[in-house]
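> Here it is, the structure, as structure tokens.
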Amino acid sequence: MADSSYDWEESSLLCEETNIPCFFDLDSPATVEVTQETDGYKGFIFGIRRLEPLIDFPCLSEESFGSMVEREGQYMPKDDYLKRLRCGDLDLALRREALDWIWKAHTHYRFGDSSFCLSINYLDRFLSMYEMPNNKTWAVKLLSLACLSLAAKMEEINVPLTVDLQVGEPKCVFDGNTIQRMELLLLRTLQWRMQPYTPLTFIDHFLRKINGVDKYPSLPLISRSMQIISSTTKGIDFLEFRPSEIAAAVAMLVSADAIAAGEDIFKDVPCFSLVQKERVMKCVELIQDWANGGRGRNGSSSSSSSTPQSPNGVLEAAWWSHKSDERAVGSCPDTKRRRLDTSNEGN
């Protein structure tokens, strides 16, 4: 259950000196009318920006890399988060709605992949700790807006005004004060830990080591890896894995020679000894299952010994399908589910 220290009365202290309703303390938020279009915002050369975080990272020692792997658990959702999503204790549709909005706004402004991954990390950690009000669509949008706003401020060079992040034709548009209060609540709930380890943190190191080169991997290899990592955020089954495990699995998938090496890679490549072989291979199989259309639970399993063609393209298409998270939530099995339910229950 959510931490009891995060209650409504406590959060209302953030706006005590103003007359504008605070987050979750009234039936409707403070809104303003849409006064201008923001489609003209272009900003930086985002095609280059998307790869800059990885290119600029210094080469890590194995000791430093191992320390990062040890600390990554401090920046993950609470341990029961995935179970609560599967059992229906937390609204799965709420997370999906937030993800969709973040993705649309992120795409609209052509932010980098790091901003997107940070946004989803903030979202999942917050949802695992804070009880959201029921049937409040505006609350989901406000939370999504705060997650993307803070992530963009952490990662992007040119960031639009926070109020301008509200793309499309929203039913309500939040003013700057309301957004700022939500940002403060998010910061406080996450204990100001806003630089988490994500799969993007580890991917370049795995790629360099797995391909046996000291220089940085090629930009196409990095770009393909980043696309797959970004796409995996849609399926809740990937919440089972640590960021380093996802990064290791993606590195194996985009490196054909690594898949051919199979089990030996965990002995021959030092950084792979820091992750659990069984969990990484399980993640590889899950990604392959996605790339093959997510048919694993219907009896067509994917083999971890073959690499699907263009997995990122299939995963990207799966992002919009809304099939992966359409699962029955009335019961919770004792054993963890490993594959996504691909039955189309209708949207």
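The values are calculated or read from the model by the stated rules, or taken from the named source; none is laboratory data. Quick caveat, the model's predicted, so the values are computed rather than measured. Positions of Cβ are backbone-derived with ideal geometry, glycine not excepted, and every protein chain shown enters the neighbour counts.
> Taking only the stretch 223-245 into account, find how many residues are part of a helix (DSSP H, G or I) and either modelled with pLDDT under 85 or small (Gly, Ala, Ser) (or both).
So the count comes out to 5.
> Scan the stretch 96-142 for residues that are at positive phi and in contact (Cβ under 8 Å) with a residue 60 or more places away in the chain and jot them down.
Matches in the stretch 96-142: Arg110 only.
> Scan the stretch 158-196 for residues that are in a loop (DSSP other than H, G, I, E, B) and under 30 Å from Gly73 (Cβ atoms) and jot them down.
Once the filter is applied, which keeps residues that are in a loop (DSSP other than H, G, I, E, B) and under 30 Å from Gly73 (Cβ atoms), the stretch 158-196 yields Val159, Leu190, Gln191, Trp192, Arg193, Met194, Gln195, Pro196.
> Kindly check whether there is at least one residue in the stretch 247-266 that is surrounded by 22 or more Cβ atoms within 10 Å (Cβ to Cβ), within 14 Å of the chain's Cα centre (by Cα) and modelled with pLDDT of 90 or more.
yes
> Here's something else I'd like to know. Quick one: Ser144 ticks every box in (1) outside any helix (DSSP H, G or I); (2) surrounded by 23 or more Cβ atoms within 10 Å (Cβ to Cβ) except a single one, so which number is it?
Unmet for Ser144, out of (1) outside any helix (DSSP H, G or I); (2) surrounded by 23 or more Cβ atoms within 10 Å (Cβ to Cβ): (1).
> Of all residues being in a helix (DSSP H, G or I), aliphatic (A, V, I, L, M) and touching a residue at least 40 places away in the same chain (Cβ under 8 Å) in the stretch 264-292, which is farthest from Phe202 (Cα to Cα)? Just the residue, please.
Leu286
> Still on this structure, please answer the following. Any idea which of (1) in contact with a Lys or Arg (Cβ under 7 Å, 6 or more places away or on another chain); (2) modelled with pLDDT of 90 or more is the one Glu72 doesn't satisfy?
Among (1) in contact with a Lys or Arg (Cβ under 7 Å, 6 or more places away or on another chain); (2) modelled with pLDDT of 90 or more, the lone unmet condition for Glu72 is (2).
> Search the stretch 79-95 for residues being touching a helix residue (DSSP H, G or I) at 6+ places or on another chain (Cβ under 9 Å) and not in a loop (DSSP other than H, G, I, E, B), and hand back the single one that is nearest to Asn134 (Cα to Cα).
Filtering the stretch 79-95 for residues that are touching a helix residue (DSSP H, G or I) at 6+ places or on another chain (Cβ under 9 Å) and not in a loop (DSSP other than H, G, I, E, B), the one nearest to Asn134 (Cα to Cα) comes out as Leu94.
> If you check Leu165 against the conditions, is it under 25 Å from Phe241 (Cβ atoms), surrounded by 18 or more Cβ atoms within 10 Å (Cβ to Cβ) and either assigned by TED's automatic domain parsing to the domain that holds Ala251 or not hydroxyl-bearing (Ser, Thr, Tyr) (or both)?
When the stated conditions are applied, Leu165 does not pass them.
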